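Participant: Handing you a structure now.
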Amino acid sequence: MTSLTDLGTVAYSMSLTREMPSTKPCPLCGSGTREDVAHPEAPLRRCGSCDHCFADLELLDQRETYDESYGDDDHQNWFENPNLELFWRISSVIGDDARSVIDLGCGRAQFLSCLHSHTKVDGDRRLVGVEQTTFVPPDGVEIVHSPFDEWSTTERFDAVVSLAVIEHVDDPVDFLRRASELAEPGGRVVIMTLNDRSLLYLASRVLRRFGITGPFDQLYSRHHLHHFNKSSLLAAFAAVDLEVETRWDHNIPAAAVDFPSQGAIADGVRLLGVRSLFLLGRLTRRCYLQTVVARVAA
Ligand SMILES: [Zn+2]
């Protein structure tokens with residue numbers, strides 16, 4: 001039989017466990033981390049140094065699945081409203097000199113299709129997308145149907161691009177290392193991801209304090225394992241010795257935001273809120289997303 005003394009010892013040791021400093025280092029900079037605010041499905045931790053927020057994979061009891069219906073339900077707006085402004089800016093940065101471009105986790109290959117449509121380079125430009133879901137490839141684009149972490153090649157590319165993918169992977173540093181290994185010496189690596197210090201994220205945390213948990217629950221759901229800020233994303237690039245050339249903050253088209261419908265009025269209020277936060281974010285350079293372009297050593 002368990003005695004009261006035993007129960008007291010257990011309670012005391014549990015208390016000590018909660019107060020002990022974290023032994024789980026930041027996956028990007030290696031510094032200590034602490035538990036972040038509670039989330040119903042994703043146990044979150046936050047780095048004491050670079051402020052990176054990430055899901056504790058050991059405690060995550062259910063993982064996101066990426067099947068053929070991925071773009072058909074919860075992410076329909078995202079796929080139907082591609083971020084052309086971003087596509088054109090990346091195209092301008094990598095230039096027409098990039099004769100071969102690969103997009104890791106390319107979705108429906110909308111970026112590569114845009115590149116193909118607007119390229120001034122002759123027809124020998126090579127555009128490759130790696131994607132585990134199947135779809136009909138657009139003109140001028142070759143698709144490798146495979147999870148990118150299970151695919152390898154000896155081919156090297158002038159530009160390695162990955163948009164809204166790094167926040168889904170278990171190990172972002174390993175992902176960046178593999179991306180850099182796919183690039184030619186002197187080639188570029190372009191990564192777009194979330195910005196945890198954006199006004200949209202900030203508003204979700206403030207609303208949560210007032211009992212409005214929907215935006216926070218959606219933004220920090222298990223769908224995204226990593227919530228980068230400027231410092232933590234740059235720490236990831238530094239960890240693999242990638243020299244950052246440029247970085248910028250930006251949004252997505254407001255129409256591309258997906259959220260579960262709660263009726264016309266509620267949906268309209270949320271869309272107005274998102275548009276306002278996107279505008280303020282642009283003015284204060286605290287936008288929803290961020291993109292980094294880096295050079296691989298020549
Ligand atoms: Zn860190």
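Participant: How large is the helix-only mean residue ellipticity at 222 nm for the chain, computed as the sum of -39500 (n - 2.57) over DSSP H runs with n ≥ 4, divided by its residue count, in deg cm²/dmol to the nearest 500?
Facilitator: So the helix-based figure for the chain works out to -10000 deg cm²/dmol.
Participant: A further question on this structure: Where does the charge balance sit around Asp196 when Lys and Arg score +1, Asp and Glu -1, over other residues with C-beta under 13 Å from its C-beta?
Facilitator: With Lys, Arg at +1 and Asp, Glu at -1, the neighbours total +2.
Participant: Assuming 0.36 nm per residue, please report the length gained on full extension of the stretch Arg126 to Asp267 beyond their Cα-Cα distance.
Facilitator: Working it through step by step, the gained length comes to 46.6 nm.
Participant: If you line up the long axis of helix 199-209 against the longest principal axis of the chain, both from Cα atoms, how many degrees apart are they, to the nearest 10?
Facilitator: Approximately 20 degrees, to the nearest ten.
Participant: How high is the FRET efficiency from Val37 to Glu155, r the C-beta distance, R0 30 Å, rounded to 0.05?
Facilitator: The computed FRET efficiency comes out at 0.10.
Participant: While we're looking at this one, here's another question. Can you tell me the order of 230-237, 124-131 when each peptide is scored by its average per-residue count of other Cβ atoms within 10 angstrom, highest first?
Facilitator: 230-237, 124-131
Participant: Let me ask something else about it. Specify the inter-centroid distance of the stretch 159-184 and the stretch 128-153, based on alpha-carbon positions, in whole Å.
Facilitator: Cα centroid to Cα centroid, the span is 15 Å.
Participant: Another question about this same structure. Nearest 5 percent is fine: what portion of the DSSP beta bridges confined to the chain is antiparallel?
Facilitator: Percentage antiparallel, nearest 5: 55.
Participant: Using only Cα atoms, find the angle between the long axis of helix 264-284 and the longest principal axis of the chain, and express it within 0 to 90 degrees, rounded to the nearest 10.
Facilitator: 80 degrees
Participant: Sticking with this one: Any chance you could get the radius of gyration and Dmax over the Cα atoms of the chain, in Å?
Facilitator: That works out to 21.0, 81 Å for Rg and Dmax.
Participant: Moving on. Restricting to Cα pairs below 8 Å that are 6+ residues apart, what does the relative contact order work out to for the chain? Please round to a whole percent.
Facilitator: Computed value for the chain: 20 percent relative contact order.
Participant: Run the simple label-point estimate for Phe135 and Thr246 please: 7 Å along Cα→C-beta, distance reported in nm.
Facilitator: It works out to 2.7 nm between the two label points.
Readers should treat all values here as calculations from the given coordinates under stated rules, not as data from a laboratory. Everything numeric here is computed off the predicted structure, so don't read it as measured data. Every residue, glycine among them, receives a Cβ derived from its backbone with ideal geometry; neighbour counts consider all protein chains shown.
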